[in-house]
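Some notes on the structure that comes next.
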Amino acid sequence: VVTIWVIEYESELFVTGYAESGWVRMLGSGGPVRMRLGDNTYPLLATAVTNNAQPILTAYMDKYRPDYPDIVEDFPSPEEAGDSYVVFKLSRP
(Lines give C-alpha, C1' and ligand atoms only; values in the text may rest on other atoms or scores of the structure.)
Protein backbone atom coordinates (compact mmCIF):
# COMPACT_ATOMS: atom_id res chain seq x y z
CA VAL A 1 0.00 0.00 0.00
CA VAL A 2 1.35 3.38 -1.06
CA THR A 3 -0.26 6.74 -0.38
CA ILE A 4 -0.32 8.75 -3.61
CA TRP A 5 -1.73 12.06 -4.71
CA VAL A 6 -4.09 11.89 -7.67
CA ILE A 7 -5.07 14.67 -10.03
CA GLU A 8 -7.69 15.03 -12.68
CA TYR A 9 -6.35 16.65 -15.84
CA GLU A 10 -8.46 16.97 -18.99
CA SER A 11 -11.03 14.52 -17.58
CA GLU A 12 -8.40 11.81 -16.92
CA LEU A 13 -6.77 10.67 -13.66
CA PHE A 14 -3.00 10.81 -13.17
CA VAL A 15 -0.44 10.02 -10.50
CA THR A 16 3.21 10.88 -10.44
CA GLY A 17 6.18 9.67 -8.50
CA TYR A 18 9.92 9.99 -8.17
CA ALA A 19 11.48 7.69 -10.76
CA GLU A 20 13.76 6.06 -8.17
CA SER A 21 10.97 5.29 -5.69
CA GLY A 22 10.17 1.64 -5.10
CA TRP A 23 6.57 1.73 -6.36
CA VAL A 24 7.52 3.55 -9.57
CA ARG A 25 10.35 1.11 -10.31
CA MET A 26 8.07 -1.88 -9.63
CA LEU A 27 5.42 -0.46 -11.96
CA GLY A 28 7.92 0.24 -14.73
CA SER A 29 6.11 1.51 -17.82
CA GLY A 30 2.73 0.56 -16.39
CA GLY A 31 0.42 -2.28 -15.58
CA PRO A 32 -2.55 -3.26 -13.46
CA VAL A 33 -2.97 -1.43 -10.15
CA ARG A 34 -5.63 -1.19 -7.49
CA MET A 35 -6.66 2.10 -5.93
CA ARG A 36 -8.38 2.21 -2.59
CA LEU A 37 -10.58 5.21 -1.84
CA GLY A 38 -12.17 4.96 1.57
CA ASP A 39 -13.63 1.46 1.87
CA ASN A 40 -13.72 0.82 -1.90
CA THR A 41 -10.98 -0.67 -4.07
CA TYR A 42 -10.91 -0.16 -7.84
CA PRO A 43 -8.90 -2.14 -10.41
CA LEU A 44 -7.17 0.27 -12.80
CA LEU A 45 -4.54 0.24 -15.49
CA ALA A 46 -1.56 2.57 -15.08
CA THR A 47 0.13 3.70 -18.28
CA ALA A 48 3.31 5.78 -18.29
CA VAL A 49 2.91 9.13 -20.01
CA THR A 50 5.83 9.42 -22.41
CA ASN A 51 4.92 12.65 -24.22
CA ASN A 52 3.81 16.07 -23.01
CA ALA A 53 3.91 15.30 -19.27
CA GLN A 54 4.90 18.88 -18.33
CA PRO A 55 1.33 20.28 -18.28
CA ILE A 56 0.24 17.36 -16.08
CA LEU A 57 3.11 17.99 -13.64
CA THR A 58 2.20 21.69 -13.57
CA ALA A 59 -1.45 20.84 -12.79
CA TYR A 60 -0.26 18.44 -10.10
CA MET A 61 1.83 21.11 -8.38
CA ASP A 62 -0.93 23.73 -8.76
CA LYS A 63 -3.45 21.40 -7.09
CA TYR A 64 -1.32 20.53 -4.06
CA ARG A 65 0.64 23.76 -3.53
CA PRO A 66 -2.11 25.53 -1.49
CA ASP A 67 -2.41 22.70 1.06
CA TYR A 68 1.18 21.40 1.03
CA PRO A 69 3.43 24.36 0.14
CA ASP A 70 6.50 22.99 1.96
CA ILE A 71 6.34 19.69 0.09
CA VAL A 72 5.58 21.15 -3.35
CA GLU A 73 8.31 23.76 -2.87
CA ASP A 74 10.87 20.93 -2.99
CA PHE A 75 9.62 19.59 -6.34
CA PRO A 76 11.65 20.56 -9.41
CA SER A 77 9.80 22.67 -11.95
CA PRO A 78 8.15 20.59 -14.70
CA GLU A 79 10.76 21.92 -17.12
CA GLU A 80 13.60 20.80 -14.83
CA ALA A 81 12.06 17.47 -13.76
CA GLY A 82 13.22 15.64 -16.88
CA ASP A 83 13.33 11.91 -16.23
CA SER A 84 13.38 12.28 -12.44
CA TYR A 85 9.58 11.89 -12.21
CA VAL A 86 7.24 9.50 -13.96
CA VAL A 87 3.61 10.35 -14.69
CA PHE A 88 1.04 7.57 -15.00
CA LYS A 89 -2.43 7.84 -16.50
CA LEU A 90 -5.00 5.75 -14.64
CA SER A 91 -7.82 4.17 -16.61
CA ARG A 92 -10.31 1.35 -16.32
CA PRO A 93 -8.93 -1.95 -17.62
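Measuring nothing but protein heavy atoms, the accessible surface of the chain at 1.4 Å probe radius is 49 percent carbon and sulfur. With a Förster radius of 25 Å applied to the beta-carbon distance between GLU73 and GLU12, the computed FRET efficiency rounds to 0.40. Only DSSP H runs of four or more residues enter the estimate; each adds -39500 (n - 2.57), and after division by the residues of the chain the mean residue ellipticity at 222 nm equals -6500 deg cm²/dmol. In the context of the full protein assembly, THR47 retains an accessible surface of approximately 60 Å², using a probe radius of 1.4 Å and ignoring ligands and nucleic acids. For the stretch 1-47, the list of GluC sites (Glu not before Pro) that fall in a loop by DSSP and count at most 15 other C-beta atoms within 10 angstrom reads GLU10, GLU20. The alpha carbon gyration tensor of the chain gives principal lengths a ≥ b ≥ c with a/c of 1.5 or higher and a/b greater than b/c, which makes the shape prolate. Rounded to the nearest 10 degrees, the inclination of helix 54-64 to the longest alpha-carbon principal axis of the chain is 90 degrees.
Put a plus charge on the Cβ of each Lys and Arg, a minus charge on the Cβ of each Asp and Glu, and nothing anywhere else: the dipole of the stretch 49-93 about its Cα centre is then about 420 debye.
Ligands, DNA and RNA are left out, and with a 1.4 angstrom probe the accessible area of the chain is 70 Å² per residue. Only the Cβ atoms of Lys and Arg (+1) and of Asp and Glu (-1) were treated as charged; on that basis the dipole of the stretch 13-93 about its Cα centre amounts to roughly 580 debye.
The values are calculated or read from the model by the stated rules, or taken from the named source; none is laboratory data. Predicted, not measured: the structure shown is a model, and the values here were computed from it. For neighbour counting, all protein chains shown are included, and Cβ atoms are generated from backbone atoms with ideal geometry for every residue, glycine included. Surface areas here come from the heavy atoms of the whole protein model, side chains and all, with no ligands, DNA or RNA. Shrake-Rupley method; radii C 1.70, N 1.55, O 1.52, S 1.80 Å.
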